[in-house]
Every structure is written in structure tokens, then in C-alpha cells.
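The block underneath contains the structure these notes are about, expressed in C-alpha cells.
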Ligand SMILES: C[S@@+](CC[C@H](N)C(=O)[O-])C[C@H]1O[C@@H](n2cnc3c(N)ncnc32)[C@H](O)[C@@H]1O
């Protein structure tokens, strides 16, 4: 980061965001940095960097200090160490700002000298940083992932989380964006950038959607003219895909706030859907649908690449609550499909209990329900994405292209009437 006063305000904003996540249990994306425009984006990036590398920074601080400092001082040190050692920032400017940040509050001003001394010493210890184990997931998530995917795959997933994510766009049919790579699955990929400044944003030619998140709708094939229910729809990435492909879409979600974003997305892209604010567990349609897409609420652990706050905010008990909800939502969704129609179930989770296990259990509970294992290669995906009854995408797939979010998805056909 070029050292300017903007750097100081971005670092201050990053500290606010870290406190929001680590002490208030709120998501990074809640926009709490108190900044606008490029400074807000910088603060978000820095907070993400500090959260991704917190394990290493804490290990270094523990070895270097007799007593753990107060929370804000610890965050100042964590951020500075991540910037110096993981981001390659020039130590001089980082240390100066860290000292300035400590001085800003009467509660921490007395510790400015300590911040200076600790950072001057640790900034030079590149070998000590490199010798620490690479960033890893918390035990509640690491253990089931190790069991499911093995040690080597888990290490590759953790490395993909540290690498972060590029910017993927789903284009309307026939749209290209200058400078974007066209992925084998049809998504467009850019290294990053301010979304609203990209060509075609104002015209609504595309929307931001990870390449993996764009696959579930494609499992339905040609949906032109079909009545499709997008059951957990907001903020609407999949609703827009369905509408752009000519489906007659009903988009339902529990959250009015998230549906506001869906409405804005439809407005910008000029696409149409009927919008329903309801709890899917209480709601009943007037008539069944040709197809239902259930992008069920989940731990979202497949999106840690772009949400490094998630491992700090979720816990094992969330997995239990969410898997129970997914179970109920699948049964509910199946009741909304016409005989012979299809349900696509998907979750952006790395955990089989939120994916493969849900579909295996649904097939046992519902005699006559049939899973059609999709061919990953025909969809432009690596052959290894084939999985139990569906597709399993993990962040270490496509390493040379910049990876993809973790997802599980399957397409199920409901028995014909009388079958
Ligand atoms: C994974 S997100 C959906 C993302 C969306 N399909 C997309 O592609 O943009 C899950 C959504 O489920 C909604 N949700 C959670 N519980 C629900 C329920 N009982 N009924 C309806 N929607 C629910 C949440 O509000 C959230 O928007």
C-alpha cells in the first residue's frame, strides 16, 4: 500500500472491522468501517488479510510478549504483522501507522512504545514468520473436512483460502467484457476491480457470481418457458440466471432486506421475477412448479476465500441447526414440484453433511425420487467434480485459473403421478 494519510484511515477502518468480527460477531461485509469508496475497499481488504493470517500473527506475538496485550493493541499488531509478512508492505510505514493508531485512543496511547518495540523486532523476523505453520481452519471445521477430503486436499483447500478469490461475472447471453477471461463453464473472470466501474455494469449486462455458484441453474438445462421456483432466492444470482434463460421465475426468500438487493439486481439487469417474501416452511404455492431450485441456507464455508471472517463467526452448533433446516427445506421443496418435475438442491458448503449426506438421506426418505448425476466435463468442469449423486466443487479445483467456491449440487426428479 502506498503510504499516505489514506493508508492510516484505511488501517483505522480495518481495525474497526476486525473488532466487529472478533468481538461483536458481525460479518465483514456489514460495511462498518465508517469509510466510503476506495478507502472502504482498502479497509475491507486489510481486515480480511489480518483475519486470514491471524493464527501466524498470534503465534509470533505469543512467543515475543510476556503478557497478551489488550484487544485493540493485539489487533493493531496482528494487522501490522500480516501487512509486513504476508502482504510485503514496507515495514517503516506500517510501524509508523501502528504507533499512530495506538496513540489515537487514550485507552491505548500508553502502549504506543510497546507497539513500536514489538513491531520493530518482529518486522525483521521473516524467517520466524515463514517457519510458522501455514494458516489453517479452526478445529470445528478442520476435523470434519480432514475426515471427508483427507489431509492433502485439506491443505490445498486452506492454501486456496489464503490466496483469495478473483472476480467472476455471469453474463447475459452473448455478452463479453473486455479483458475478462472466459471460463470453460461460461463465467467471465477478472482479477478484481471496482464492480460498478466495469463496462456493462450500468447497462445490467452481467452480475457478480462465483463460477461455482453459476452451475446449479445450468443443471436444469433449457428452462425457457418453464415455471421455476427459486426457493431461497436472495440476493438473486440464480434468479437472474433463470430469468435471463427465459424461465418464468418466482423468487422466494425469508429476508425482506436481502430481497431488496434482489429487486435492485433485477432492476439493474432489466430481468423479471415474481417476488415472494415468506418462510418456505410455512408457504404453499397455488400450483406446483416445473422445477424448484433450493439454494439452501448453510455454513457458507465454501465461500471462505472471499469471506475470511466466516471461520471466526461460525461454530459447530451452526452445522447442526443448518442441517436440520436443510432437511426440512428439501422435504418442503419436493412438495412444490409437479409430478415428473425436478428439484436442484445446492449449498455453498465444504461439508458433506450439508451436501452429499442431505441428498442421500432424501433419496432414502422419498421412494421414487431419482438423482441424475451430471457430467462435470460437459459443464466445463474438471472430471474429479463428479460426486455422490451430484457435483462436488472445492476451492482447490482449477488452481491454475484461480480456483472456485466450494459447492455441492444435485438434480432430483420427482416421480410421475401414479408411479
Ligand atoms: C445461500 S442464500 C441464497 C443465495 C441466492 N440463491 C443467490 O444465488 O443469490 C440462502 C437464502 O435463504 C434464505 N432463507 C433462510 N431460511 C429461509 C426460509 N425458511 N425460507 C425462505 N428463505 C430462507 C436466506 O434469507 C438467504 O437469502
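Just so you know, all these numbers are worked out from the coordinates, no wet-lab data involved. Owing to the predicted nature of the structure, the values given are computational and were not obtained by experimental measurement. Glycine gets a Cβ as well: all are built from the backbone with ideal geometry, and neighbour counts include every protein chain shown.
I'd like the distance separating the alpha-carbon centroids of the stretch 71-109 and the stretch 283-354, in whole Å. Here the two parts' Cα centres lie 40 Å apart.
Highest mean first, what order results for 366-372, 66-72, 160-166 on Cβ atoms within 10 Å? Kindly include the intermediate steps, with their values, before the conclusion.
Details: 366-372: 13.6, 66-72: 11.7, 160-166: 19.9.
Answer by packing, highest mean first, reads 160-166, 366-372, 66-72.
For the stretch 112-129 and the stretch 2-65, what is the separation of their C-alpha centers, rounded to whole Å? Each part's Cα centre sits 18 Å from the other's. The slack between residue 110 and residue 263, meaning 0.36 nm per residue of separation minus the straight C-alpha distance, is 50.1 nm.
When the Gaussian network model of the chain links Cα atoms closer than 10 Å, the mean-square fluctuations of 156, 80, 47 top out at 156. Annotation for residue 103 and residue 331: the two label points, set 7 Å from Cα along the Cα-Cβ direction, are 6.4 nm apart. Computed from Cα atoms, the angle from the helix 112-123 axis to the main principal axis of the chain rounds to 70 degrees.
Against the chain, whose longest principal axis is taken from its Cα atoms, helix 5-22 shows a tilt of about 60°. For the options 390, 257, 355, a Gaussian network treatment of the chain with springs between C-alpha atoms closer than 10 Å singles out 257 as fluctuating the most. Please give the helix 37-52 orientation as an angle from the longest Cα principal axis of the chain, in degrees from 0 to 90, rounded to the nearest 10. Its long axis makes an angle of about 90 degrees.
Hydrodynamic radius of the chain by the Kirkwood approach over all distinct alpha-carbon pairs: 22.9 Å.
Using only alpha carbon pairs under 8 Å that are at least six residues apart, calculate the relative contact order of the stretch 207-413 and give it in whole percent. It would help to have the intermediate numbers written out before the result.
Details: 424 pairs, mean separation 43.6, N = 207.
Over the stretch 207-413, the number comes to 21 percent.
Name all residues of the stretch 303-329 having a backbone nitrogen under 13 Å from the label point set 7 Å from the Cα of residue 366 along its Cα→Cβ direction, giving them as ranges. Zone members listed by number: 327-329.
For residue 182 and residue 383, FRET efficiency with R0 = 22 Å and r from the beta-carbon atoms, rounded to 0.05? Taking R0 as 22 Å, the efficiency between residue 383 and residue 182 is 0.60. When the chain is treated as a GNM with alpha-carbon contacts under 10 Å, the residue of 210, 295, 36 showing the greatest mean-square fluctuation is 36.
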